[in-house]
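Asks: The structure's right below; bear with me while I get my questions together.
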C-alpha cells in the first residue's frame, strides 16, 4: 500500500528559548507593523479563549475533517510547542475538542492554531491553553485520512514552517522567521516607544497632526469648504468665465455642481473672493449665473452662486436631477 500523503517528520529545529521569550508581552500589532504587511494571519483565525500565544511552530497538514495526524503530533511535540494545523479552512468537522485540549495541557503544549474547526467551545474557553481557530463544528472527526507532520503548511493565508516563532493575541497572529527575530524585536520595541510618545502627546494635548495635511497635499487632494447640503453631481462640461473689466473670456471645465455652487477647473488663476459671471454650456442648462470665487486648491476653484433668479433655479434643479439620474448628457433639452 502506498504511503503517498502520509509523512511524519519527528523533529524540528527550534529557536533558542531565550529568543522566543524575548517576545513575551509583545503586542502582535507592534510586530506586524514592522513586517511590511506580510506574515500576518488573516482574520479567519480568531482566538477561542483570548489567551496570548507564543512558541515555535510544530506543524500538521491534515485532511480537512480528520485529526489522526494531530493526535500523533501531540505525542511528538515538546512542551511549549504550538500546534499549527492546516485543515484547509474546512468547517465541516472539528479536528479537536476538549479531550485533546486537556491532553495538550497535561503535556505542556504552548497552544493551537487551527485553520479549521473545533468544538466543545465552553470547555475550551475555560482552559488555560491558547486556542485559535477558523470556526466551530458539532460533528466528530475522522481518524483514518492522510496527512503530514512538520512540513510547511498554510494557516490563515500565511505559510508556516516548522520552528517559526508564533506570536498571537486578540488582534491576530504573526509568523516570524527565526533568522529575522533579532532585528524584528528591536524594531517592534521602537514601535512601542513611538506609540507611547503619541499617547502621551494625546493626553497632554500636544499631538502634532500636520502630517495629515502634508500627506493630502502630496496627493493633490481637493479640499472643498462650501456648503454640501444640496445634492452635488459630477458634470464634466465646458463653462465660460466672464470677469468684469477683462476683454477676454476664460474657458474652464465644470467638475461638479449643486444648487449652491460649482467646482471649476481653470488653467488661468482666479482671484479669491472676486465675483464672476459664468456662462454654462447647453448640457448645464445654457444659462448665465453670477458666482463668488470662495476657495482654490491648485487649479480647482470653488464658486458659490449669488442671487439666483427663480427661473434659473428651476433650470439648475432640472439639470442636477437629470445628471443625478442619467449622468453626463451631451445635449440637455430643458424644456423652458
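The values are calculated or read from the model by the stated rules, or taken from the named source; none is laboratory data. As the structure is a prediction and not an experimental result, all values here were calculated from the model. Using ideal geometry, Cβ is built from the backbone for each residue, glycine included, and neighbour counts are taken over all protein chains shown.
Asks: State whether one or more residues within segment 55-71 are surrounded by fewer than 17 Cβ atoms within 10 Å (Cβ to Cβ) and in contact with a strand residue (DSSP E or B) (Cβ under 7 Å, 6 or more places away or on another chain).
Replies: There is no residue in segment 55-71 that is surrounded by fewer than 17 Cβ atoms within 10 Å (Cβ to Cβ) and in contact with a strand residue (DSSP E or B) (Cβ under 7 Å, 6 or more places away or on another chain).
Asks: Moving on to the next point. Pick from segment 118-148 the residues that are modelled with pLDDT under 95 and buried (at least 23 other Cβ atoms within 10 Å of the Cβ): which of them is farthest from residue 78 (Cα to Cα)?
Replies: Filtering first and then ranking leaves 141.
Asks: Would you pick out the residues in segment 282-309 that are in a loop (DSSP other than H, G, I, E, B) and surrounded by fewer than 19 Cβ atoms within 10 Å (Cβ to Cβ)?
Replies: 286, 298, 299, 307, 308, 309
Asks: What is the number of the single condition among (1) buried (at least 23 other Cβ atoms within 10 Å of the Cβ); (2) within 16 Å of residue 160 (Cα to Cα) that residue 109 does not meet?
Replies: (2)
Asks: Moving to a separate point now. Any chance segment 131-139 includes a residue that's over 25 Å from residue 87 (Cβ atoms), under 24 Å from the mean Cα position of the chain (by Cα) and not assigned by TED's automatic domain parsing to the domain that holds residue 299?
Replies: no
Asks: Does residue 329 satisfy the criteria of being at pLDDT 90 or above, surrounded by fewer than 17 Cβ atoms within 10 Å (Cβ to Cβ), within 42 Å of the chain's Cα centre (by Cα) and not in a strand (DSSP E or B)?
Replies: no
Asks: Here's another thing I want to ask about it. Condition first: in contact with a helix residue (DSSP H, G or I) (Cβ under 6 Å, 6 or more places away or on another chain) and more than 30 Å from residue 56 (Cα to Cα). Now tell me which residues in segment 176-212 satisfy that.
Replies: 207
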